[in-house]
Structure formats: structure tokens, C-alpha cells
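The values are calculated or read from the model by the stated rules, or taken from the named source; none is laboratory data. All values reported here derive from a predicted model rather than from experimental measurement. FYI the Cβ positions are ideal-geometry reconstructions off the backbone, even for glycines, and counts take in every protein chain you see. Protein only, heavy atoms only, side chains kept; ligands, DNA and RNA dropped before computing areas. Shrake-Rupley method; radii C 1.70, N 1.55, O 1.52, S 1.80 Å.
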Amino acid sequence: MLYYLFNWLQEHMHLPGSGLFQYISFRTAMAVIVSLMITTVYGSRLIRALRNKQVGETIRDLGLEGEKQKVGTPTMGGLIIIGGILVPTLLFAKLDNIYVIIMIITTIWMGTIGFLDDYIKVFRKNKEGLAGRFKIIGQVGLGTLIAITMYFHPDIVVREKVQNPTSTKAVEIMMDTQTGQRYYAENVKSTKTNIPFYKNNEFDYAEVLSMFGLNSNLATFMVFLVVIVFIVTAVSNGANITDGIDGLATGTSAIIGITLAILAYVSGNVIFSDYLNIMYIPNSGELVIFAGAFVGACTGFLWYNAYPAQVFMGDTGSLTIGGIIAAFAILIRKELLIPMLCGIFLLENLSVIMQVSYFKYTRKKYGEGRRIFLMSPLHHHYQKKGYHESKIVMRFFIVSIILAILTIVTLKVR
């Protein structure tokens, strides 16, 4: 909103300083600051309100050290994160940008699913919360919406080099910074995405079907849809599973958010994308403002969520941040980097899958179930081994930072 206000002031009143709102970097910085203010200042008020309404977490007895002290800690703190994301985004981003619109919808959509789950747990006294099938339906619905929008919306395009341009509207003559040769570039609809450690760094989902002699638009869309739905479901559940000890999901999500902001900036900047030889995505630079608000919200929430936690984000927060990370990576066509960037989420997910699968296999084969880990998810395994929560979280942070650096390095390592 402020972007439009100051743009008008710049054009009609020539107000000094109003031109700053034209710069993505300035609006991102403002989004981070406002988000931090909202989460830290108003976060304490929300925590008091949750405590007064006795919106406390019910802790299952897992035999872990310190868990009894957490009984009654306010939950639904994800509302703080959602507010810290939406308010700065509405203030500083271009609200007619399709990428920003999708991220706002994602935040509200996943926040609603998480809120319903927490509401049932807290107020209906049902420890199971929202039935798993309804969560999956919500995640699949969001993935489907994103896939349909990306595939059909005319404003979601990529810029590609072309020999014979088909349109006069979006054609530009550009120069290759490495060879000095001039070429045509055209904004086109595409199902291509960036692929790491590959020379030409682009992969087209349509090529999956070409191996089987299928290349229809419907078949391509179905492959694209399946991949998008899988990523949204996997990452949101991964964030949900990771949210098991104080500050873990919040901190790792902030690190991931910073990385996504960098990737979005270079992908939405024609100069950097050309220099790095990666796909240029017109108008996607506005996502950097959203990423700034996301990082600010996660960091501000960590003020209260770090050990010992004064509030838990609950599914209201964990499902939301997972959905945001998935949708964001998909929109900037970096979803194939998720296994590396979200390595902590992946490990947590795999630890549960391996534990459950091995337990069922050994129970069927030997008559008694056996375990790979002392407890899953992985962070509980280390708790069982006697590591303190803060030490586990800090070491997971370090691993997450290493993975984030490696993800950025993939832009040049091929």
C-alpha cells in the first residue's frame, strides 16, 4: 500500500525521499524492520492473551528431559508469524504482482489449516487435532492452485533466448556477457526449472514424457501438477515434524528464508541472472520483499521461542512456514534445490519414515518391532542420547547454514 502512496507522491508532489520506494532493497529492509517490530512488540501481548485464555500446549509423555516443564506453555504462536509476514507485505510489496498474491494466499491458506488443527487440540481437547486426511486435502489443494496458476496465468513467464521471436511485445535484443554476441530474448510460458550441478542448468518437465513419446499439454500439466503437490505436501509436513524442540523450526526457517531471498533477487534481476547464466523470471523480484517479511517474522518469533520457549508456534506456524518455503521455491523455479536447502526438514522426515518402516518390517519378520533411532524425529534421538535442547538446536543451525551456503554455491558450480 505504501508503495502506491509514495509512488503517487513522487509523481505528483515530488516529495523528497519518496523515490526510495522504487527500490526493492529499500522496501525489503523496511519489511524486515516492520516485521521484527510486530513480532517482538506485539508478540508479548499475544502471548499474554493466549495465556489468559489458557491456550496451553498439551505435552505427550515421551520420557524426554524437561518436557514436563513445558506443559501449559501457550501455543498458536504461529499467529505472530503470520501477522509479521502479512502486514509488511501488504505495506511494502506491489499487491498487483501475481507472485506476491500467490504467497499471500499460501500464508492464509496454510495458516487456516494449522489454526484449525490447533483449535481442535486446545479448545475441543482432542489431542489428535485435525484429521490427517483433511491436512493432506488442504496441502494438495494449495499445490493444485499453485500449479494451475503457474501453468495458465499470463504474467508468470520466463525470459528465454530465441532465434525467431514470435511476439513483438516482449522481445528484447540483449548481449551475452560472456561471448559478446547479441541475441533475442522473449518472455514465454514454460514448465522449465533450474537444476543444480548441470551445465545448462535447466530442466523441462515436458521432457519427462518425451521419453515415452508423450508430449501433449495435458500430460505435461499433470506431471507438473504432481511434482508441485508433492513438494508442497512434503515441505510443509517436514517443517511440522521439525517443530519439536524450542527454536528449531523457527531458526532453520529464517536461514532458509534468507537463502530464498538471495535466490529470488538474482532470478528477478536481469543483470545478475545473465551473469550467473540462470533463468530470468520477470517481476519475481517483488518476492524479495515477502522473503524479508518472512525472515523478520521468524527471527522476531525466535525472541520468544528460543529455549526456554515462552510460546510455541503450533501447527498454525509450522504448516504455514513449510507451505511458504515450498511455494516460494516453486515460484522462483528453484524447487529442485529444496532437498539441499531444506536438508534439516528432509532428515527429520526421513528419520520418521525409516523408523516407522523398519519397525513394521521387523515386527512382521521377527515378531517384534525394532528401531533404528532411539526416537524419531531425529532431534528426539539426540535428546534421548542426553544432548541438551539448546545444543541440538545450535548444531542443527550450523548444518542449516552450511546447506544454505552450498545451495547458493550451486549457482556457479556446474
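Which value in deg cm²/dmol, rounded to the nearest 500, describes the helix-derived mean residue ellipticity at 222 nm for the chain, given -39,500 (n - 2.57) per DSSP H run of n ≥ 4 and division by the residue count?
One gets -19500 deg cm²/dmol as the mean residue ellipticity at 222 nm.
Per residue, how big is the convex hull around the C-alpha atoms of the chain? Give it to me in cubic angstrom, could you?
Value for the chain: 168 Å³ per residue.
Estimate the FRET efficiency between Lys70 and Leu276 by the formula 1/(1 + (r/R0)^6), using the beta-carbon distance for r and 45 Å for R0, to the nearest 0.05.
Once the sixth-power term is evaluated, E becomes 0.50.
Rounded to the nearest percent, how much of the accessible area of segment 262-414 (1.4 Å probe, protein heavy atoms only) is carbon and sulfur?
Answer for segment 262-414 is 65 percent, counting heavy atoms of protein chains only.
Normalised by the number of residues in segment 251-338, what is the relative contact order in percent for Cα pairs under 8 Å and 6+ residues apart?
For segment 251-338, the relative contact order is 32 percent.
Taking Cα centroids, how far is segment 69-141 from segment 205-264 in Å?
Each part reduced to its Cα centre gives a spacing of 18 Å.
Which of the lysines could a cross-linker bridge to Lys121, judged by Cα under 17 Å and excluding same-chain residues fewer than eight apart?
Partners found: Lys53, Lys70, Lys135.
Compute the distance in nm between two label points, each set 7 Å from the Cα along the Cα-to-Cβ direction, one at Glu368 and one at Asn126.
Between Glu368 and Asn126, the simple spin-label model gives 3.7 nm.
Would you mind getting the accessible area per residue of the chain, heavy atoms of the protein chains only, 1.4 Å probe, in Å²?
Ligands and nucleic acids excluded, the result is 49 Å² per residue.
What's the extension gain from Ile402 to Lys161 if we count 0.36 nm per residue and subtract their Cα-Cα distance?
83.4 nm
Given springs between every Cα pair under 10 Å in a Gaussian network model of the chain, which of Tyr280, Tyr382, Tyr304 has the largest fluctuation?
So, out of Tyr280, Tyr382, Tyr304, the one fluctuating most is Tyr382.
Given R₀ = 35 Å, what would the calculated FRET efficiency be for Arg45 paired with Ile137, taking r from the Cβ atoms and rounding to 0.05?
0.55
For Tyr4 and Asn200 in one chain, what is 0.36 nm times their gap in residues minus the Cα-Cα distance, to one decimal in nm?
Gain on stretching Tyr4 to Asn200: 66.7 nm.
Normalised by the number of residues in the chain, what is the relative contact order in percent for Cα pairs under 8 Å and 6+ residues apart?
Across the chain, relative contact order equals 23 percent.
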